[in-house]
Every structure is written in structure tokens, then in C-alpha cells.
1. For A:Gln273 and A:Glu18, what does the FRET efficiency come to when R0 = 30 Å and r is the distance between their Cβ atoms, rounded to the nearest 0.05?
2. What distance in nm lies between label points placed 7 Å from Cα along the C-beta direction at A:Asn128 and B:Met101?
3. What number comes out for the charge environment of A:Met257, summing +1 per Lys or Arg and -1 per Asp or Glu over other residues with Cβ under 14 Å away?
4. Can you give me the long-range amide H partners of A:Phe223? Hydrogens built in the peptide plane at 1.01 Å from N, cutoff under 5 Å, separation of 5 or more residues or another chain.
5. Evaluated at 10 °C with a viscosity of 1.306 mPa s, what Stokes-Einstein diffusion coefficient in µm²/s does region B:29-104 have when Rh comes from the Kirkwood expression over alpha-carbon pairs?
6. Give the residue list of trypsin sites (Lys or Arg not before Pro) in region A:202-252 that are DSSP loop and have at most 13 other beta-carbon atoms within 10 angstrom.
7. Can you work out ³J(HN,Hα) from phi for every residue in region A:22-31, in order, using Karplus 6.51 cos²θ - 1.76 cosθ + 1.60 and θ = phi - 60°, giving whole Hz and x for Gly and Pro?
8. Using r as the Cβ-Cβ distance of A:Lys140 and B:Leu84, and R0 as 56 Å, what FRET efficiency do you calculate, to the nearest 0.05?
Amino acid sequence: MADTHKHYHQPGLQHQFENMEQQQESATIGMWMFLVQEIMFFGGLFTVYLVFRSRYPMAFAAGSNHLDAFLGGLNTLVLIVSSFTMALTVYYAQKSNRTMQVVMILLTMFFGSVFLGVKVIEYGDKYNHGLIPVSGWNKKTPIQPEIAKSSDSLIETKVSAKETIHADEGTHSEKSQVGHDSHHEKPYYNPTGEFQWNYGGEDLVMMAKEAGYLTEAEKIGYFDPITKEFDPNRFRDKVRIFYWIYFAMTGLHALHMVVGLMIMSWLLLKAIQGTFSAEYYSPVEISGLYWHFVDIVWIFLFPLLYLLGRHFLHGGGH
Amino acid sequence: MAKQNGKKHEYHEEHLHIGIPGYFLVFLALVVGTIITYVVALKDLDWIFPGANTLVALSIAFAKMSLVVLYFMHVRWQSNLIWLTALGGFFWLAIMFAFTMQDYLTRSVIGR
């Protein structure tokens, strides 16, 4: 190790490293190893998405079309701005500019918080529309009066008649139990708090059927096996899968944002203390890597969750 | 792109990467990409082939991801080891997608 002596000792250099470059690279590669795990972590959910969307594309399109694509797009832009300010945080740390570091960290945190705020609004909307895909969580949700009359989508109707037919569908077991306590007298409430779907989709399915787009799974999954007619109950169960995936993926992403904000708070404290300089800015760089990764996840979530069926609504280019 | 093991000694001259104008250009490209994604999603591209919309959306997302990884995450200026780590992550992801789907897409629908 004799040749280490020719390096002058930099204040930020830990003794186990040869030089600043090696120290910096070690920190970066450690973070990238973590990010690779994160890629696989989110990748599992993307795989679930891939499997179910390839089976029920029309239910996914119907579910997606009810999401607020404007808010989703707005959040995409908000995250991109926060990534930009994060990149500038690293830039100013490299220039040892403490004031601008603090400003940029604060801006990044601000945009991160805006993202989470918009997310809360969206989740609130989903709750108010009875779209939480967990039994019992939609009890207080009024069903839209104008569609309540076509209450095929309500669980209390027709369920007992269909019990035997649905033996092959696992998701129906909980409904078979509730089908017996009749709540017909309270049509505006969902007595078991089940996921509801009052936002159409039959037209979409019929269009796909005529165009020959329906997948094999859809040909069975959306239609009553006896009457061969469109079955809103069966369709709703497929939309429910979409909403499960929506909440799981955006929820996990939002959790990463919360963790990101905690990291940024710590970074802010350190930056105010003047810890980071051109000699030592690894923590800023590494926190930046995490923040950008979370941004990348959203870059994919936005088109996959919010935009996948929009062209059916606005298109007409046939 | 910019494999630069031989340039390590220039690190302190290089480490400011692309500077504020460069970051701003990347940022603008990302914003434009987002707007294009949104606008294209409203157009019906099924006349090309069913699912063309998704392909376009994912292509733009992939381009945006590449910009973020290369410039915001500085991978463009990193050593081969970090390139390998980053690409390795996506390679394993591709394996997971490919092997899962080669199973699901070739199953009979009866078992569901």
C-alpha cells in the first residue's frame, strides 16, 4: 500500500478507501444494489399487472377510464419537477453552495408533498365512489341514484340465484354468504361495503366483442355461462382486480415518497449544518438516486394505470 | 456511451456533469414526453394494431426513464461496474416478465 502515500489526505476520505473516487463509487454501487432490489420489488407488482391485464384488458380499460388522468398527469409533472430540483441539489452540493442546496432540498420536499396531497385527493375520490377493493370498506358510500335502478351491480340482487353457477369463481364466496340477508329496502347503500362498479363498461366489452378483441379469459369472465349475456357482477370482479392493483402499486409508490421525504428532511438538516461540499457529497448523490428511482416508477405507473383505455373514450379513428 | 475508466483522474473537472442548462434540457424533454404521452393516449391507434397505444406509451416511458437514469442519476458518467449493476436490474426484470408470460400466455383458459 505504499502508493497511497502519494495521495494527499482529503478531509472527507475514510481511511479504508484509496481515494475519493473509489469512496464515491463504493457508495454509489451500494445504492444501485439496493435500487436493483427495488426494481424487482416493484417488478413483482408490474408482473401481476401484466398477467391480469393480458387476461382482462377491457375491465382494465373501464377501471382506468374512471381514474382522473388529469390529476395523474399533473402528478407526473410534479414529480419530474422534483427530480429536476433534486438533480440541482446534487449540482449545488458539488459546488459547495450551501444556500442553494437548502433551497433546492426545500423545493424538492415541497413538490414531493404536493404529489402526496394530490394522491390523498384521488384516494378520497375512490373512497367516495365505493371503489376500495376490500369488502366492508365501502359501507358509507352512496350508490349513484341514477344508476341505482340498474342495480345488477349491487351485490344484494340476484346473488342467491347465481350461487350455484358461480361455484368456479373464488371471489364469489363472500357474496354467497351475504346474498341471503336481503337489503332491497335500502337501495342507496351498499350493506356489505363491497366494491361497487357503476361506471359502465358493457359498451366497451360489446365493442371489443364485435371487433374480435376479447381474450379467451374475457369470453368466459364477463358473460353469464347460461344466458351468454353480459354479467355486470362478473365484470365488476375483474374491475376490482384492476383497483386492487391500482391501490397496491400507487400505495407502495406513495410509501416510497413518504420515506423519500424523511430522507430529504435528514438531508435538509445536514445541508443546513454545511456538511456537504465538493469534497464530500455522497449522501446527497445517493438520496438523489433514490428520489429519481421513485420518479421512474411513477413514469411507468402513469401510462399503465391512468391512460390505458383513454383512446376508447376519445378516439373513433376506426 | 461514455465508458470512461481511463478518465478517472479528471473526475473533479468532470463531476459537474452537464450543468444547469443541461439538466434543464433533460427536464424539458421529460415534460414534453409526459405531454406527448397524455395526448397520444387520447388518440385511437388501434387501426395500426390492437394495443398500439400501449406500445407508444411504454416507448415514451422507456425513453423518459433512460433520460432520468443517464443524466439525473449520472449513470452516463459512471464506471462500467455501475452500468453493469443498473443494466443487470433491468435484465432480471425482463427475465421475470418473459418467463411469467411465456407460462400464462400459453395456458389453456379452462383452469383460469
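1. On the way: r = 28 Å, r/R0 = 0.93.
Approximately 0.60, to the nearest 0.05.
2. Once both label points are built, they end up 3.8 nm from each other.
3. Working: positive: A:Lys119; negative: A:Glu38, A:Glu122, A:Asp295.
Net charge in that neighbourhood comes out at -2.
4. For A:Phe223, the qualifying residues are A:Asp231.
5. On the way: Rh = 14.5 Å.
Reported coefficient: 109 µm²/s.
6. Working: sites: A:Lys209, A:Lys219, A:Lys228, A:Arg234, A:Arg236, A:Lys238, A:Arg240; in loops: A:Lys228.
Hits after loop and neighbour filter: A:Lys228.
7. Once θ is set to phi - 60°, the couplings for region A:22-31 become 5, 4, 4, 5, 4, 5, 5, 5, x, 5 Hz.
8. Numbers: r = 53 Å, r/R0 = 0.94.
In this case the efficiency is close to 0.60.
Any read-out appearing in this document is the output of simple, stated calculations on the displayed coordinates, not a laboratory observation. In this text, all values refer to a predicted model and were calculated from it rather than measured experimentally. Cβ: placed from backbone, ideal geometry, glycine included. Neighbour counts: every protein chain shown.
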